[in-house]
Amino acid sequence: MSRSAAISSALLFATGCIGTAPPASQFPSASAALDRMHATYACSRGITGESKLDYLGDEGRIRASILFAAVRPESVRVDVYSSFGATLSTFTSDGANFGLSDTKEKKFYYGPARQCAVARFLGIPVPPQALVQLLAGEAPVLVHAASDAQISWQSGAYELKIRGQNQAIETISLLPSPGDWSKPWADQRVRVLGVQVEQQGIELYRAEFLDHQSVATAAPRVDPDGLEPPVPPSGPPCSAEVPQHIRFTVPSSGRDVELAHKELHHNPPLHVGMFSQSPSSALRSVAIECSE
């Protein structure tokens with residue numbers, strides 16, 4: 001079985017592992033389910049980790065290791081490094097501007113932090129704010145009126161259909177966490193299993209989340225020389241579950257991006273300049289302007 005087929009099979013298994021019948025205490029509305037999703041991740045201000053990247057696109061197949069940090073509302077840093085520990089590229093976005101240092105091409109790309117920038121350099125057509133949520137296993141939600149969101153039980157999981165602006169439709173698949181299955185719906189934590197967004201009948205992207213596990217809060221960052229005081233975590237203690245495997249599919253471009261996490265922590269310590277870059281004299285600066 002191919003890796004992609006294995007992931008799809010695992011997703012189908014995950015949606016049916018509790019059983020085909022819904023829990024006794026069901027979410028009364030899509031809004032209630034979304035509220036429980038947000039509450040599940042309320043303790044997490046951000047996520048940091050080390051992962052294996054498997055990218056398939058026009059450039060061919062790329063396998064590498066990454067270190068990443070994604071902090072709410074829209075700060076992202078992704079460092080791609082080789083098996084020898086050499087940094088190949090660094091992507092940063094502080095919500096206003098992005099930068100990409102590409103040591104292979106010897107170029108530094110920069111410009112406004114827009115969805116098209118994330119799509120161009122990370123392969124996923126989402127704005128930085130949505131990317132932060134997806135990396136933590138939470139579904140970004142289209143802006144919508146309450147009447148434009150419906151919930152139903154389909155094939156062993158809740159399915160939320162949300163109609164947004166400009167003929168956009170989002171489908172979110174989720175389940176209560178196994179330990180909360182018998183609790184009243186207002187006390188249930190949830191696992192997001194998948195997110196699909198389409199616009200004007202064209203699928204923009206699909207995200208699949210597998211192997212949810214509880215993740216601990218990051219430890220304080222300690223100066224090895226003892227010259228600076230320890231930097232505490234950026235948020236409260238948190239043990240929210242995070243998927244250990246994420247797959248992003250972009251049908252329009254044929255891109256397939258898979259992340260297999262090796263280590264994750266909530267609420268990483270932060271430092272000034274973590275989500276921004278200055279061009280190196282060894283790299284040629286290239287301004288990128290793109291429209292959404």
Legend entry - Candidates Ala287, Ala260, Ala219 - the one that is of a type in the set (A, V, I, L, M, F, W, C), within 25 Å of Lys52 (Cα to Cα) and out of contact with any Ser or Thr (no Cβ under 9 Å at 6 or more places or on another chain): Ala219
Inset, instruction - Find the strands (runs of 3 or more DSSP E) located wholly in segment 79-171 whose residues include 3 or more that are open to solvent by less than 60 Å² (accessible area, probe 1.4 Å) and under 26 Å from Gln200 (Cα atoms), and list them. - result: 149-154, 157-163
Legend entry - Qualifying residue in segment 43-55 (condition: touching a His at 6+ places or on another chain (Cβ under 7 Å), β-branched (Val, Ile, Thr) and open to solvent by less than 40 Å² (accessible area, probe 1.4 Å)): yes
Inset, instruction - Go through the residues of segment 133-154 one by one and say whether even a single one is more than 20 Å from the chain's Cα centre (by Cα) and of a type in the set (Asp, Glu). - result: yes
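With Val190, Val195, Val222 as the choices, which residue is β-branched (Val, Ile, Thr) and open to solvent by 40 Å² or more (accessible area, probe 1.4 Å)? Please lay out each step first, then the result.
Numbers: Val190 fails: open to solvent by 40 Å² or more (accessible area, probe 1.4 Å); Val195 fails: open to solvent by 40 Å² or more (accessible area, probe 1.4 Å).
Testing whether each residue is β-branched (Val, Ile, Thr) and open to solvent by 40 Å² or more (accessible area, probe 1.4 Å) leaves just Val222.
Quick check, is Ser214 surrounded by 21 or more Cβ atoms within 10 Å (Cβ to Cβ), polar (S, T, N, Q) and under 22 Å from the mean Cα position of the chain (by Cα)?
Details: surrounded by 21 or more Cβ atoms within 10 Å (Cβ to Cβ): no; polar (S, T, N, Q): yes; under 22 Å from the mean Cα position of the chain (by Cα): yes.
No, not satisfied.
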Inset, instruction - Take Phe248 and decide whether it is touching a strand residue (DSSP E or B) at 6+ places or on another chain (Cβ under 6 Å), open to solvent by less than 40 Å² (accessible area, probe 1.4 Å), assigned to a strand (DSSP E or B) and of a type in the set (Phe, Trp, Tyr). - result: yes
Legend entry - Residues satisfying the stated conditions in segment 199-229, i.e. in a loop (DSSP other than H, G, I, E, B) and either under 18 Å from Gln133 (Cβ atoms) or free of Cβ contacts under 8 Å to residues at least 12 places away in the same chain (or both): Val215, Val222, Asp223, Pro224, Asp225, Gly226, Leu227, Glu228, Pro229
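Quick one: would you say Leu204 is closer than 27 Å to Gly123 by Cα and either modelled with pLDDT of 95 or more or more than 17 Å from the chain's Cα centre (by Cα) (or both)?
On the way: closer than 27 Å to Gly123 by Cα: yes; either modelled with pLDDT of 95 or more or more than 17 Å from the chain's Cα centre (by Cα) (or both): no.
Answer is no for this residue.
The values are calculated or read from the model by the stated rules, or taken from the named source; none is laboratory data. Model, not experiment: these values are computed from the prediction. Cβ atoms come from the backbone with ideal geometry, glycine included; neighbour counts cover every protein chain shown. These area figures cover heavy atoms from the full protein model, side chains too; ligands, DNA and RNA do not enter into them. Shrake-Rupley method; radii C 1.70, N 1.55, O 1.52, S 1.80 Å.
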